[in-house]
Amino acid sequence: MKEWHLIGMACLLILAAGCSGQGGQGNAGENQIHADPAGFVREAAAFAESAGKDAALAEFGNASGRFSRGSLYIYAYDYSGTLLAHPYASEVVGANRGNWTDVRGLPAIRIGAATAANGGGYIAYLYPTPENGSIDEAAEETSLPKIVYVAPAGETWWVASGSYLSGAAGPGTEPYPEPVSAMIDLVERGAAYGRDHGRATAFRAISNQTGTFVDAAGHYLYAYDYNGTLLAHPYLQAAVGSNLIERQDPFGMKNIRALRDTARDGGGFVVFVWPNPDRGNREELKIGYVLPVDETWWVGSGVYLSEITGVDASLPSP
């Protein structure tokens, strides 16, 4: 299993979504508080088991407590979606957020609860970056992927912590982990190619399994129009010409619509659920990136969460 080292940055962590408040691999020398959210969350779960739920929630809600460590801190939900503890958003503790979705419609809290109930693991979704010490959940333009580790803390509740994806890049100049940076480059090259060479030539290139838009790791480019019709794909060629705008994942997100909307808004990240062929087509969160080519079509690609964390990120059934 690869260790996932986070380089800390101040953030309001993700499953407290809806709150306005203050507040890959790296090298082994990084501060381990920031390097291992999984270990941090498991430590919190062990504390909850030994100290009891009430004492644990009080500690998790304490901004000066042992589980508030700079940019990493613990927060807690029950399985119905009620926020139980958060050190920087005490004003919304007790609110039910089970139906909360990120800016592109991913039901992040339900996915977190399902993952925790299945024993724990990594999840991801979009969340706005802090500005002037607060979070505006409606600020789509500042939303970036965040990666979190969740774990059960008892039969009825769970705990989590994590960081923005850009904090996982490790040393060097790239703002994201290498698989994500490569995926963004692929989409940028594909959009430029489409503008320079036109639709027909671009569709042939995108659909070529041995072409320039499929890399050695199997990452690929795809193309859709704004109605949701698949225009080119190296591995789903039988579906080319089909309209997939209403495709819905097991958690209820219409992911092609979300990708289309993002491209129509100028492009950017989308976190969505998609079967992973390298893991028996089990459903997994995927961090996608899309860009418009022109006013009629757009391109995208994606990286599975397990490629970033180095561990199986298959989702349980909702």
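List of remarks:
- Mean-position separation - Cα centroids, the stretch 248-318 and the stretch 56-112, in angstrom: 25
- Kirkwood analysis of the stretch 57-164, using all unique Cα-Cα pairs, places the hydrodynamic radius at 14.1 Å.
- Segment Ala46-Asp294, length gained on full extension (0.36 nm per residue, minus Cα span): 84.0 nm
- Ranked by solvent-accessible area (1.4 Å probe, protein heavy atoms only, all chains present), the residues Thr229, Thr309 order from largest to smallest as Thr229, Thr309.
- Between Arg282 and Asn208, the modelled labels are 3.6 nm apart [label points 7 Å from Cα along Cα→Cβ].
- Rg of the Cα atoms in the stretch 241-318, relative to 2.2 N^0.38 Å, amounts to 1.13.
- Within the assembled protein chains, the solvent-accessible surface assigned to Trp274 is about 40 Å², based on a 1.4 Å probe.
The values are calculated or read from the model by the stated rules, or taken from the named source; none is laboratory data. Given the structure is predicted, the values throughout are model-derived calculations rather than measurements. All Cβ positions, even for glycine, are placed from backbone atoms using ideal geometry, and neighbour counts span all protein chains on display. Accessible surface areas use protein heavy atoms only, side chains included; no ligands, DNA or RNA. Shrake-Rupley method; radii C 1.70, N 1.55, O 1.52, S 1.80 Å.
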